[in-house]
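The values are calculated or read from the model by the stated rules, or taken from the named source; none is laboratory data. Quick caveat, the model's predicted, so the values are computed rather than measured. Cβ: placed from backbone, ideal geometry, glycine included. Neighbour counts: every protein chain shown.
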Amino acid sequence: MGAFDYPALPHQRRHGPHGYERPITYRPWLRDEFTFRCVYCLLREQWGRITGEFDVEHFRPQVNSPELGVTYENLLYACHTCNLLKGVTELPDPSRVLTAEAVRVNPDGSIEGRDSDARRLIAILGLNSDSYRRWRSVWMRNVELAEQYDQEHFRRLMGFPDDLPSLDHSPPVNARPEGVQQCWYAKRQRGELPEMY
Ligand SMILES: [Zn+2]
């Protein structure tokens, strides 16, 4: 388990809420769906103050696809920096493209795409810029030192936030209601929440 391990497989949505009027209402679902980290750069909520640092991001930009403004499948959980850099650019879907197979993060904090979609995404967002590389190498070292010297701190850096969303408030429509039982909150209730991820 590393600080910047991209998911093994392309993301399959577990949740399917629909019918909310404002994108922000989907936020608890997206936090759970994307496990409390930025879908682009893997910044974790646990590494910062959360408020103001994470956005509900429109994968297809609202200016080009206003009809998808509150469509759950078009929304991603992203850090403010990545969201800002992405802007209104049309990109390959990071939740499908950025996988362990398609992306390599090197010990110096640099990142490489191994297929054309991943390379394009990395290039357009600037995920391999000096500032991202420096940031990645700092956090890789932080996590490495914590793992070696302070297990409690290691668990804090790599574990789940305390305020897991319960998702028990029903949306107007839920296309995947079975996902609620698979949310991280429900797993914690059943004693199945992993210590870290
Ligand atoms: Zn990010």
Check your understanding: When you scan the range 15-113 for helices (runs of 4 or more DSSP H) that lie fully inside it, which ones turn up with 3 or more residues that are touching a Pro at 6+ places or on another chain (Cβ under 9 Å) and surrounded by 21 or more Cβ atoms within 10 Å (Cβ to Cβ)?
Key -> 27-33
Practice item. Could you tell me which of the residues Val63, Val70, Val56 is within 28 Å of Arg136 (Cα to Cα) and in contact (Cβ under 8 Å) with a residue 12 or more places away in the chain? Key: Val56
Check your understanding: Picking from Gly113, Gly159, which residue would you name as being touching a residue at least 24 places away in the same chain (Cβ under 8 Å) and out of contact with any His (no Cβ under 6 Å at 6 or more places or on another chain)?
Key -> Gly159
Point to revise | Unique residue being closer than 21 Å to Asn128 by Cβ and out of contact with any Asp or Glu (no Cβ under 7 Å at 6 or more places or on another chain) when the list is Arg22, Arg27, Arg44 | key: Arg44
Practice item. Among the residues of the range 11-43, write down those that are within 16 Å of the ligand (Cβ to nearest atom), in contact (Cβ under 8 Å) with a residue 60 or more places away in the chain and either under 20 Å from Leu193 (Cα atoms) or out of contact with any Leu (no Cβ under 8 Å at 6 or more places or on another chain) (or both). Key: His11, Arg31, Phe34, Thr35, Phe36
Point to revise | Boolean, Arg119 is surrounded by 16 or more Cβ atoms within 10 Å (Cβ to Cβ), over 30 Å from His18 (Cβ atoms) and either under 20 Å from the mean Cα position of the chain (by Cα) or touching a residue at least 40 places away in the same chain (Cβ under 8 Å) (or both) | key: yes
Practice item. Using the structure shown, decide if Gly52 is modelled with pLDDT under 95, within 13 Å of the ligand (Cβ to nearest atom) and not aliphatic (A, V, I, L, M). Key: no
Practice item. Report yes if Arg114 is out of contact with any strand residue (DSSP E or B) (no Cβ under 9 Å at 6 or more places or on another chain) and at pLDDT 95 or above, otherwise no. Key: no
